[in-house]
C-alpha cells in the first residue's frame, strides 16, 4: 500500500541514533523494540547534555555513585538523602537503575539500606497526605510534531520526567506499593500521530520558584526537536483529570492532491451510510464498532481531511486504524495525522471547592487541637457544663 501523506514518513528521531551503538539482539525482545529503546536513551542523554542538572544534590550524588564516579562515602550519602527527605525518590532511582547497573551489588546494598528509611518516609507522607498544602498540580499543554511524531506515550512519559528532573522540579510520589512520580498519562496518542494541544498533569512537591514564562523557556531548551510546552496552568489538586472530561478529539490529515479523487469516493460512501461496522479482528472480543457513531463529523478542508472522534470510553482506539477502516487503507499508509484539539466538558469539581478546602482546613485545625496542650473550654449547650481539653 503506498504512503498517501504529503511528506516523507516521520523520522521517529532516528537522527539521535547516530550517538549510540546498535542494540544487541536479545532472544525475548524484538529488534525493533531494542532499537526504539536505544533511540530513547540517546534522546535522554542529549537532553542531559543541554546544560547543568538542577536535580537535588543528594540525588545527583547517588547517580554519580552508581555511575562509578566520585562519592562522599556510603554513610554520608545516606545521611544526605535522609536530611533532604528524599528517601523515597532515592529508592525509586535505585529501582530504575537495577536493569543496567554497572555494579549490581552496590545497587542492592544501597537499596537495602534505604528500604527501611523509605518505608518510614512513606508512612509519614500517608499520614499527612490530606494536610499537605505545599504540593502543586500543573496541567501543561504541549505540541508533538515533526521529528517527535514517532514517539509513543511511553517515550513521552520518560522524556518529560527527564526534563522536569534536570530542571530541579521534584514530583510528588503516589501512594502505591512502589511509589511512582505523579505524572499523568494524558490522552493516548500513538507513534506516528502528532498533536497540537496535548496535555499532561504533573504534581510537584512545592510550587516552582521561577516564573512560568522563565520555566517554560528552560524546559523547552531541554526538550528534543518537535516537542514544545506552550501552556502552564496551575490547578487545585482536586481538579479532574483530562481523561475524565474529554468529549471529542479533532483530527486533520493533509492528503496529497493526487490521491484526493480516490479517497473522495470512500468518504462520500461513509457519509451516506447509516451504519459502518468495524470488526477489529479476532483479538478483539467486543462486537464490531459502528464508526458512523464514533466519527460524527468528516469533511474536506481544501486538501485536508478533517474529522472528529468520540472519546470517553473509546480513548484507547487508535486513530490511524480508525481512519484506515473508513478509507480502506492500512494504518501505516496514513502519514501526518495530527490531533488539532479536544473538547472538554466543564469540570464540576472546580465549582465545588467547599467540598475539599474546608475539609483540609478542619482536619488541620483538629490535628493541631488534639496534638497540642490546648486549654480551650468547650461548652455543652444541653447542660452548660464546661468540658476542658488539655
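The values are calculated or read from the model by the stated rules, or taken from the named source; none is laboratory data. As the structure is a prediction and not an experimental result, all values here were calculated from the model. When we count neighbours, we look across all protein chains shown, and the Cβ atoms used for this are built from the backbone with ideal geometry, even at glycine.
Taken together, the residues in the stretch 325-348 that are within 27 Å of the chain's Cα centre (by Cα) and under 22 Å from residue 247 (Cα atoms) amount to 12.
Just one of the listed residues (44, 11) is at pLDDT 80 or above, in contact with a helix residue (DSSP H, G or I) (Cβ under 9 Å, 6 or more places away or on another chain), surrounded by 14 or more Cβ atoms within 10 Å (Cβ to Cβ) and not assigned by TED's automatic domain parsing to the domain that holds residue 146, namely 44.
Scanning the stretch 260-286 for residues that are loosely packed, with under 10 Cβ neighbours inside 10 Å and modelled with pLDDT under 85 returns 281, 282, 283, 285, 286. Is one or more of the residues making up the stretch 117-130 closer than 24 Å to residue 163 by Cα, free of Cβ contacts under 8 Å to residues at least 40 places away in the same chain, under 26 Å from the mean Cα position of the chain (by Cα) and surrounded by fewer than 13 Cβ atoms within 10 Å (Cβ to Cβ)? No, every residue in the stretch 117-130 fails to be closer than 24 Å to residue 163 by Cα, free of Cβ contacts under 8 Å to residues at least 40 places away in the same chain, under 26 Å from the mean Cα position of the chain (by Cα) and surrounded by fewer than 13 Cβ atoms within 10 Å (Cβ to Cβ). If you go through the stretch 308-330 and keep only what is in contact with a helix residue (DSSP H, G or I) (Cβ under 7 Å, 6 or more places away or on another chain) and under 15 Å from residue 254 (Cα atoms), you end up with 320, 324, 327.
What number of residues within the stretch 89-110 satisfy the criterion of being surrounded by fewer than 18 Cβ atoms within 10 Å (Cβ to Cβ), over 26 Å from the mean Cα position of the chain (by Cα) and not in a loop (DSSP other than H, G, I, E, B)? So the answer is 5. The residue list 156, 166, 161, 137 contains one member that is surrounded by 15 or more Cβ atoms within 10 Å (Cβ to Cβ), within 23 Å of residue 87 (Cβ to Cβ) and in contact with a strand residue (DSSP E or B) (Cβ under 9 Å, 6 or more places away or on another chain), which is 161.
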